[in-house]
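Following: one structure in structure tokens, then a few remarks.
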Amino acid sequence: MNSFTFTQATAVAGAVQDKAAHDDAAYIGGGTNLIDLMKENVARPTHLIGLKKLGLDTIENTPDGGLRLGALATNADTAWHPEVEKRYPLLNQAILAGASPQLRNMATDGGNLMQRTRCYYFYDLATPCNKREPGSGCSAIGGYTRVHAILGTSEHCIATHPSDMCVALAALEATVRVSGPNGERTIAFEDFHRLPGDQPERDNTLEPGELITGLDLPEKGFAKNFSYLKLRDRTSYAFALVSVAAALELDGNTITEARLALGGVAHKPWRDKAAEAMLIGQPATADTFRRAAAKVLEGAKGQGTNNFKIELAKRAIVRALKQAAEMNQVLDTNAFQNSNP
Amino acid sequence: MSQVTQASLAPPPVALAPTQAVSLNINGQAHSLQIAPWTTLLDALREYLDLTGTKKGCDHGQCGACTVLVDGKRINSCLSLAVMHEDSHIQTIEGLGTEDKLSPLQQAFIDHDAFQCGYCTPGQICSAQGLINEGKAKTEAEVRELMSGNICRCGAYSNILNAVMEVLNNEGLIIEDKVWSAGDTKPDLAPVEPPKQ
């Protein structure tokens, strides 16, 4: 780790000013990813601004019927908050599918969005990486790509965003609240993370110095029909090879609203609105789900050692949608009988 | 003979580590340290306070050997800076019991032979204490899932599970009817179902 100074901020305005006053400063919430990156010399900030005393760790109902998650609320406190458990169980499931209990007790909700990729080559200073050193090249392309992207890649980067929580936030259409040198603004969740394009060093659309202060969940939580399905190399405590957040509203066996987002497959949580639209008005059957899955993976491109993820993602989508549809709902018992993949 | 300037004879500039004062409350005792801000909580405990019960395994938050309790919640002390923990109450393995009166978990780990080399044990016990404090694990499957942040390279998992289950049962926190006690042989776990397609 390199040498740095540390201050504990006590107000958002002070934190933003402190950031602007230093060349290579970084905000630190729980530190679970940043300190690891600093130990690996991937991140080398010269000044850290502690955020724990900003008072942004509350979770409160909003006047419009939604829920506001303070940026400094921990992942564990969020997952097990009574309102989250009751109204947003998809978020509860996604958070609990990620990391370990110890990490979830430290990691903050704002910090979860700011996680860097777990691409092996990004972590390895001995190999070129456009995300770490823009213009140096991508070692993952043509390399070992088990954890890499199959959707939305570019010739410069095939890294994935590692979060589970963010996949649920994408499906739930959360809003990111930020504060920066130019004041406050909100960012729709789908616009927060970005695809690598020719600037893979940029993970998100935050402007320099901006600080996440909270996440707003809209009223609709899809608590009746949802599934977070995570497929990984061991049963617990591993990043997703593929994960799926599926949420449905049903009228009988007819789908009236659908949300579908994937993790582990792209540089950002991968939400496919066209596939969601295909589900509307259709019966909740495996055939319907397979068509939506095919749509999501339509433009998928394997990198060699991760080709398997294309078929895996399709099957995971079908299973997640099926799990969501079968919750609390009396389905036509024949609906799946002859149509299981 | 070339001219040697005054500047070149001066000793090279040495960047002194900027230290800062940090007060930590550990196992009920206040400690004042003067440390560099990059000192992790784990290094502060081990290198500055001689509380070497907390172990350094991977030093990257992947093994759980460094688990301590902060305000009753388990964390990885290797991924946290000491300067982030002023005003916190930190509990380490040294603060869970005494030599004369072990904590229920410490006693259960001995009774169930829940370790081999012992290196992961302080972290396992602190993690299990955090699990009990959380009160979320109600079944054996949930205990296994919520202990997944602690790796045991000797593979003492089944005895660790028995030790944790016994303490949870004794505290009435488990909804399963079987009460585990020392010496019990646990039946084989049901095989993991292959994924349905």
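For A:M1, B:M165, A:M38, B:M147, which order do you get if you count the other beta carbons within 10 Å of each Cβ and list the fewest first? Don't skip to the answer; put the middle values down first.
On the way: A:M1 18, B:M165 27, A:M38 21, B:M147 24.
With the fewest neighbours first, A:M1, B:M165, A:M38, B:M147 line up as A:M1, A:M38, B:M147, B:M165.
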**OP:** List the residues of the range A:267-298 whose backbone N lies under 19 Å from a point placed 7 Å from the Cα of A:T256 along the Cα-to-Cβ direction.
**Re:** A:276-285
Original post:
Using a Gaussian network model of chain A with C-alpha springs under 10 Å, which one of A:G304, A:G183, A:G110 is most mobile by mean-square fluctuation?
Top reply: A:G183
Original post:
Nearest 20 debye, what's the magnitude of the dipole of the range A:131-252 about its Cα centre given +1 on Lys and Arg Cβ and -1 on Asp and Glu Cβ?
Top reply: 520
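Calculate, in nm to one decimal, what A:D23 and A:E298 gain on full extension: separation in residues at 0.36 nm each, minus their alpha carbon distance. Kindly include the intermediate steps, with their values, before the conclusion.
Working: separation 275, 0.36 × 275 = 99.00 nm, distance 4.31 nm.
Going from the current span to full extension adds 94.7 nm.
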Original post:
Of the listed peptides B:70-82, A:116-128, A:220-232, B:20-32, what is their order by residue-averaged count of other C-beta atoms within 10 Å, with the highest listed first?
Top reply: B:70-82, A:220-232, A:116-128, B:20-32
Original post:
Taking a point 7 angstrom from the Cα of A:M327 along the C-beta vector, which residues in the range A:185-223 have backbone N less than 15 Å away?
Top reply: A:220-223
Original post:
Put a dot 7 Å past each Cα toward the Cβ at A:A13 and A:E219; how far apart are the dots in nm?
Top reply: 3.4
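Relative contact order of the range A:184-267: what whole-number percent is it, with Cα pairs under 8 angstrom and at least 6 residues apart?
Values: 97 pairs, mean separation 18.2, N = 84.
The normalised contact order for the range A:184-267 reaches 22 percent.
Just want to confirm a number: the relative contact order over chain A, from Cα pairs under 8 angstrom separated by 6+ residues, in percent. Could you put the intermediate results ahead of the total?
Values: 775 pairs, mean separation 55.1, N = 341.
This gives 16 percent for chain A.
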Original post:
Roughly what would the spin-label model give for A:E201 and B:N25, points 7 Å off Cα along C-beta, in nm?
Top reply: 4.4
Original post:
Arranged by the count of other C-beta atoms within 10 angstrom, fewest first, what order do B:H85, B:H60, A:H156 take?
Top reply: B:H60, A:H156, B:H85
Original post:
Can you give the mean number of other chain Cβ atoms that lie within 10 Å of the Cβ atoms in peptide B:59-65?
Top reply: 4
Original post:
Counting each DSSP H run of 4 or more residues in the protein assembly as shown as -39500 (n - 2.57), what helix-only mean residue ellipticity at 222 nm follows after dividing by all residues, to the nearest 500 deg cm²/dmol?
Top reply: -7000 deg cm²/dmol
Original post:
Classify the range A:247-293: rounded, prolate or oblate, from the alpha-carbon gyration tensor (a ≥ b ≥ c, eigenvalue square roots; a/c under 1.5 rounded; otherwise prolate if a/b is larger than b/c)?
Top reply: prolate
Original post:
Gain in length, A:N61 to A:R146, computed as 0.36 nm per residue apart minus the alpha-carbon separation, to one decimal in nm?
Top reply: 26.6 nm
Original post:
Along the principal axes of its C-alpha atoms, what lengths does the range B:101-158 span, in descending order and rounded to whole Å?
Top reply: 29, 28, 16
**OP:** Report, in order of residue number, the helices in chain A meeting two criteria: a C-alpha extent of 24 Å or more along the helix axis, and a mean Kyte-Doolittle hydropathy of at least -1.0; treat each whole DSSP H run as one helix.
**Re:** A:308-326
Subject >> Dipole axis of the protein assembly as shown (+1 Lys, Arg; -1 Asp, Glu on Cβ), positive-most option in A:N306, B:A21, B:H60 >> reply: A:N306
Original post:
Does the range A:138-282 come out rounded, prolate or oblate by the C-alpha gyration tensor, with a ≥ b ≥ c the root eigenvalues, rounded set by a/c under 1.5 and, if not, prolate when a/b is larger than b/c and oblate if not?
Top reply: oblate
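Which value results for Rg/Rh of the range A:203-264 when Rg is the Cα radius of gyration and Rh the Kirkwood radius based on the inverse mean 1/r?
Radius of gyration over Kirkwood radius for the range A:203-264 works out to 1.09.
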Subject >> Positive-pole candidate from A:A11, A:A149, A:F192, dipole of chain A, charges at beta carbon >> reply: A:A149
Original post:
Could you give P(r) for the protein assembly as shown, binned at 10 Å from zero, as whole percent values over all Cα-Cα pairs?
Top reply: 4, 17, 26, 26, 18, 7, 2, 1, 0, 0
**OP:** Pull up the DSSP beta bridges for chain A and report the antiparallel fraction as a percent, rounded to 5.
**Re:** 85
Original post:
Relative to the present Cα-Cα distance, how much length would full extension add between A:E83 and A:I280 at 0.36 nm per residue of separation?
Top reply: 68.1 nm
Original post:
Charges only on Cβ, +1 for Lys and Arg, -1 for Asp and Glu: so what's the dipole of the protein assembly as shown about the Cα centre, in debye to the nearest 20?
Top reply: 1220
**OP:** Decide, for the range A:2-106, between rounded, prolate and oblate: order the square roots of the alpha carbon gyration tensor eigenvalues as a ≥ b ≥ c, take rounded if a/c falls under 1.5, and otherwise choose prolate if a/b is larger than b/c, else oblate.
**Re:** oblate
Original post:
If you average the sequence gap of Cα pairs under 8 Å that are 6 or more apart and divide by the length of the range A:84-187, what percent do you get for the contact order?
Top reply: 27
Original post:
So for chain A, taking the charge dipole from beta-carbon charges (+1 Lys/Arg, -1 Asp/Glu), which of A:V167, A:G70, A:P218 sits furthest toward the positive end?
Top reply: A:V167
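Bear in mind these aren't lab numbers, they're just calculated from the coordinates by the rules spelled out. All values derive from a computational prediction rather than experimental measurement. Using ideal geometry, Cβ is built from the backbone for each residue, glycine included, and neighbour counts are taken over all protein chains shown.
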